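To keep things clear, I will list the structure first and then write my remarks on it.
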Amino acid sequence: MQTFDWIVVGNGLVGAAASYELARQGLSVMVIDIALDPANATRYSYGGIPYWSGSTPLTQQLCQEGIAKHRQLSDELEGDTQFRELDLLLTLGLDEDPAAAASQYAACETPPRLISAAEAQELEPLLNAEAIAGAFTVRHGHVSPVAVVNAYNQAFQRLGGTRIIAPVLEVVRIKDKVTGVLTAKQAYPAKQVLVAAGAFSRALLYQANLSVPLYYTQAELIETPPIDLTLRALIMPAHSHRFTLETQASQPNTNPQWDQPSHEITAPILDSGAIQFLDGHLCLGQISRTLTDLAVELAGAESDRTLRAGLAAQLPALANVPGTWRHCPVSFSRDGLPLVGPLPGVDGLHLMAGFGGPFVYVPAIAQRFAQAAVGTPDPLIETLALSRFPE
């Protein structure tokens, strides 16, 4: 049986991009995932590319590289990613202070511009101007998550890459050396293994007696079929509760709970938003819950009502559109930057997960990671190593 140079576990955005970039370097690569179309974070993502949002030299560089990559990615992959740029509207509630909200964007490379409720309605006629105090706006990139993964996969297979559909039961480890992965039917040998399975990465590595500072929410949203209404802008709240939730849920003292089922680390939050894709379907969301059981059963009907109620005031035309409640786990790290690089003390095992802004960061980071795999170490990739969290 062939021993691959790399096996990539997970075929969401991260795994698809990483497997393609590794194969592009002339390496033999297998990507493995649980299903052809898994209900993962990529599948239900908004697909937003906030290239304006870099607030440090590192994130500004990654944002610049990310948007440059997206602008030519369809040509490179010979597959349409449905890339476009549109208006992002970050809406202010009637009781919110615009100055306080503006302070959180002040460090961004391109800070969003404050506009009135009437101006926001001109950009997005479906908005109810009477329900908002105004909005911040900035140009924002957008792709179809499914189209991006499909384009990466097709380019990967043209390069000779191997794709397998099977659940990975464990990473095969002999003492301090990884030798491949095990599925229900067989083991696949490899010189290097990259775990890029999003929220499932923590549990898979825990089975190998490795604990990593990777966390996840259960994200809930409504997915609609293509509809006749047209939403021109991407709508999100100016103040996102998700960032506070992630900070609270990823403190070092929470780590033991994350490796045990049946814990809810923080109270759930609702950040109401909406995006329409080029085929006319919408994603309306989202509720985030920090539940430590990946297979948890959620009350879909209740969440559907909560999501629709959250939209009713600002986007009344969307509150009752036909749609199906969905949920998926979404990984994150403590500082909003991904965990990228080798697992300390284990030869041949790597992690790439926990992206706070996957669609802006992943294409550039995957390319840099693959180049470093065959060449000299990349200082930028090294800044994303797990060692930045000493505990």
So, counting K/R as plus one and D/E as minus one, what does the shell of residues with Cβ under 12 Å around V149 add up to?
-> 0
Acute angle (nearest 10 degrees) that the helix 57-77 long axis makes with the longest principal axis of the chain, alpha-carbon atoms | 80
GNM on the chain, C-alpha springs below 10 Å: top fluctuator among A238, A317, A299?
-> A299
How far apart, in nm, are the 7 Å Cα→Cβ label points at V374 and A299?
-> 5.3
Average Cα contact separation per residue, the stretch 14-76, under 8 Å, 6 or more apart, as relative contact order % = 17
Sorted from fewest to most neighbouring beta carbons within 10 Å, what does the list F200, F332 look like?
-> F200, F332
State the Cα centre-to-centre distance between the stretch 56-115 and the stretch 267-341 in whole Å.
-> 20
Candidate lysines for bridging to K177, where Cα separation is under 28 Å - those fewer than 8 sequence places away on the same chain excluded = K185, K191
Qualifying chymotrypsin sites (Phe, Trp or Tyr not before Pro) in the stretch 251-328, DSSP loop, other Cβ atoms within 10 Å at most 10 = none
How far is helix 13-24 tilted, in degrees, relative to the longest principal axis of the Cα atoms in the chain, given as a value from 0 to 90 rounded to the nearest 10?
-> 50
Calculate how steeply helix 300-312 sits against the longest principal axis of the alpha-carbon atoms of the chain, using the helix alpha-carbon long axis, and give the answer as 0 to 90 degrees to the nearest 10.
-> 40
Cα convex hull of the stretch 131-251: mean projected area in nm², to one decimal?
-> 12.7
For every other residue with a beta carbon closer than 15 angstrom to the beta carbon of T137, add +1 if it is Lys or Arg and -1 if Asp or Glu, then tell me the sum.
-> -2
Residue of A17, A353, A313 that the Gaussian network model of the chain assigns the largest fluctuation, springs spanning Cα pairs under 10 Å = A313
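The numbers here are math on the coordinates, done by the rules we state, and not lab data. Predicted, not measured: the structure shown is a model, and the values here were computed from it. When we count neighbours, we look across all protein chains shown, and the Cβ atoms used for this are built from the backbone with ideal geometry, even at glycine.
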